Amino acid sequence: MKKRKQESGQSTLEYILVMLVVVVTLIGLLSYLKKSQYFFKHITSPLVGYLRYNYKYADPAAQGWDEGKPQKHIQISRPNDGATFKLFRGTK
C-alpha cells in the first residue's frame, strides 16, 4: 500500500477535531449542571457540608459545642467571647 503525501497530517487533524468535540461537550455539560438546582442540592451541598465539618473539627467522629456536648473535640476549653483556637491531635 502506498501512502500519499496529502494524508501525512490526517491523524493529527482527527485528534484535534475529536478533542474539540469532547471539550465543547464538557463545557456544555458543566454549564447545564451549573444551572441545575438538582446537582447543587443533592451532590454539591452535602459534599461542602462534609468538608466544612471536617475542617472545623479535623475528625469526622468529633462533636463540638454546636452539636451539643463536645466529644473528641479539638478545642481544649469552651471558647469565651468568640475566641477559639485549634489544637490538632496527632495520629498514630
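Any read-out appearing in this document is the output of simple, stated calculations on the displayed coordinates, not a laboratory observation. Remember, it's a predicted structure, so these values are computed and weren't measured experimentally.
Quick notes on this one:
- Per residue convex hull volume, Cα atoms of the stretch 1-53, in Å³: 117 Å³
- Extension gain (nm, one decimal) between residue 72 and residue 45, 0.36 nm per residue minus Cα-Cα: 7.2 nm
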